[in-house]
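The next block holds one structure in the form of structure tokens; read it before the comments.
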Amino acid sequence: MGMGLYIHIPFCARRCSYCDFCTVEYDGNLVRQYHDLLKKEVEMYPASERVETLYFGGGSPSLYPVELLRDLMSFISCSFDAAPVEVTIEANPWELNLKNLKQWRDIGFNRLSIGIQSSEREILERCDRPVPKNLRDRLMASRDTFENLNLDFILGLPGENESNVAGNLEMISAINPDHVSYYVFDSDHETKLMRLVHDDIIDLPRQEIVEGLHDIILDSLSKMGFSRYEISSWERGRRECLHNLKYWRNEQYMGFGVSAGSHFDRKRYVNTSDLLEYRYLVNLRRRPVFELRENSVIQEVFETLFMGLRLMEGVDLSKLELPDELNNTLVSELRAHLGDYLSPDNSRIRLNNNGMDFSRSVLEKLIDIKEEMVIAFST
């Protein structure tokens, strides 16, 4: 099994009001400087495992000049044992023209992930995200060019209602993607949109409305033949996102670029999100790491649980690598605290449908269980 490689491209034409990712306004000169920095950072990490998945995220990787994408792909291939089976590029609708699509495919991308967020123009404009008038044509061209296509949506943006969700589902049916990501808007992050909400300038849909719409989405995607394999992810034709599975299974992956995270040999580290600091450190040939932590065994176990319980498959208990006594104690604690949310499975810990719908409550309870297990593990 190989590792995942993530490349963060932070540049965007504009910042959507709901976004809390590390982004930078697009500037051609800055892009080329960043490109050189990425290559310098890659050189600091010796190749140690085969690269199985490669993911370009952002930001808006689809804005990145094609010649730089080609150069970076070639550089990665020379720097690592890289023959990835899945190579993803995230794209915004504005860059979905036939020339870009064919060039992305020709330089090695075999999976395209498009951030649609909503089919409703008014919702997007309310979130500072203008959309092309010929969006449907661009999506059809993407479907014709890529054999592995994902569409991203967000549930719970301002103005969301049943009619809007029906439009999203109709778009999914018409475009016929292999994968759908449908995230519930997270209002916990400090964003421009949430500042407007707190100032009573704009309203979000009520929680009960979002829950009802989510039930419609679950039912409709199932009827279309999609299988839910993660809290916010559906696939058909065995098209799970292999790269994201490495995160959710707590496997090995490395990230390059500002704010990129890595998990390797029980070490978890995150790069600085400050572009000036990133440039300063990389030019000094120092790794631009903002936070580094080496996990204890019990920390690694609970990170595996936190991530793995997002998956319908859950967590294989045999892979937790705990002594039998502590493993039995852990399972007992999990079933005592989370019994209503778990499926009856002796070999795995996995959520039932109720648990998937109330996953936030599950994760909060996991924190309490972790504290108890840390005490048990240290005695």
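The values are calculated or read from the model by the stated rules, or taken from the named source; none is laboratory data. Remember, predicted model here, so these are calculated numbers, not experimental data. FYI the Cβ positions are ideal-geometry reconstructions off the backbone, even for glycines, and counts take in every protein chain you see. These accessible areas exclude ligands, DNA and RNA; they are computed on the full protein's heavy atoms, side chains included. Shrake-Rupley method; radii C 1.70, N 1.55, O 1.52, S 1.80 Å.
Among the residues of region 339-359, are any assigned to a helix (DSSP H, G or I), basic (Lys, Arg) and farther than 30 Å from residue 40 by Cα? No, region 339-359 contains no residue that is assigned to a helix (DSSP H, G or I), basic (Lys, Arg) and farther than 30 Å from residue 40 by Cα. The residue list 96, 155, 112, 135 contains one member that is farther than 14 Å from residue 9 by Cβ, touching a residue at least 24 places away in the same chain (Cβ under 8 Å), hydrophobic (A, V, I, L, M, F, W, C) and touching a Lys or Arg at 6+ places or on another chain (Cβ under 6 Å), which is 96. Looking only at region 29-65, residues that are free of Cβ contacts under 8 Å to residues at least 40 places away in the same chain and among the β-branched types (Val, Ile, Thr) come to 1 in all.
Given the criteria among the basic types (Lys, Arg), out of contact with any Gly (no Cβ under 6 Å at 6 or more places or on another chain) and surrounded by 15 or more Cβ atoms within 10 Å (Cβ to Cβ), does residue 136 qualify? Before you say what the answer is, go through the steps one by one.
Numbers: among the basic types (Lys, Arg): yes; out of contact with any Gly (no Cβ under 6 Å at 6 or more places or on another chain): yes; surrounded by 15 or more Cβ atoms within 10 Å (Cβ to Cβ): no.
Against the criterion (among the basic types (Lys, Arg), out of contact with any Gly (no Cβ under 6 Å at 6 or more places or on another chain) and surrounded by 15 or more Cβ atoms within 10 Å (Cβ to Cβ)), residue 136 does not qualify.
Take the conditions closer than 23 Å to residue 302 by Cα, acidic (Asp, Glu) and open to solvent by 30 Å² or more (accessible area, probe 1.4 Å) and apply them to residue 230. Does it pass?
No: the conditions fail for residue 230.
Tallying residues that are under 20 Å from residue 9 (Cβ atoms), part of a strand (DSSP E or B) and open to solvent by 30 Å² or more (accessible area, probe 1.4 Å) within region 266-277 yields 1. Residue-level check: of (1) closer than 18 Å to residue 366 by Cα; (2) among the hydrophobic types (A, V, I, L, M, F, W, C); (3) within 15 Å of the chain's Cα centre (by Cα), residue 317 misses just (3). Say whether the condition of being touching a helix residue (DSSP H, G or I) at 6+ places or on another chain (Cβ under 8 Å), closer than 21 Å to residue 357 by Cβ and not basic (Lys, Arg) is met by at least one residue in region 174-181. Taking every residue of region 174-181 in turn, at least one turns out to be touching a helix residue (DSSP H, G or I) at 6+ places or on another chain (Cβ under 8 Å), closer than 21 Å to residue 357 by Cβ and not basic (Lys, Arg).
Residue 329 satisfies every condition listed in (1) more than 27 Å from the chain's Cα centre (by Cα); (2) open to solvent by less than 30 Å² (accessible area, probe 1.4 Å); (3) not aromatic (Phe, Trp, Tyr) except (2). The number of residues in region 291-314 that are under 18 Å from the mean Cα position of the chain (by Cα), within 25 Å of residue 260 (Cβ to Cβ) and touching a residue at least 60 places away in the same chain (Cβ under 8 Å) comes to 6. Restricting the search to region 159-170, which residues are more than 15 Å from residue 218 (Cα to Cα) and in contact with a Phe, Trp or Tyr (Cβ under 9 Å, 6 or more places away or on another chain)? Answer for region 159-170, where residues must be more than 15 Å from residue 218 (Cα to Cα) and in contact with a Phe, Trp or Tyr (Cβ under 9 Å, 6 or more places away or on another chain): just 160. Considered as a group, the residues in region 301-326 that are open to solvent by less than 30 Å² (accessible area, probe 1.4 Å) and assigned to a loop (DSSP other than H, G, I, E, B) include one that is modelled with the lowest pLDDT, and that residue is 322.
Taking the criterion of being more than 28 Å from residue 303 (Cα to Cα) and β-branched (Val, Ile, Thr), the only residue of region 255-293 that qualifies is 282.
Before we move on, is residue 332 more than 28 Å from residue 269 (Cα to Cα), among the hydroxyl-bearing types (Ser, Thr, Tyr), assigned to a helix (DSSP H, G or I) and free of Cβ contacts under 8 Å to residues at least 24 places away in the same chain? It is true that residue 332 is more than 28 Å from residue 269 (Cα to Cα), among the hydroxyl-bearing types (Ser, Thr, Tyr), assigned to a helix (DSSP H, G or I) and free of Cβ contacts under 8 Å to residues at least 24 places away in the same chain. Close Cβ contacts (under 9 Å, 6 or more residues apart or on different chains) running from residues in region 236-262 that are under 17 Å from residue 10 (Cβ atoms) to residues that are part of a loop (DSSP other than H, G, I, E, B) and β-branched (Val, Ile, Thr) comprise 258/272; 259/272. Looking only at region 278-292, residues that are open to solvent by less than 80 Å² (accessible area, probe 1.4 Å) and out of contact with any helix residue (DSSP H, G or I) (no Cβ under 8 Å at 6 or more places or on another chain) come to 2 in all.
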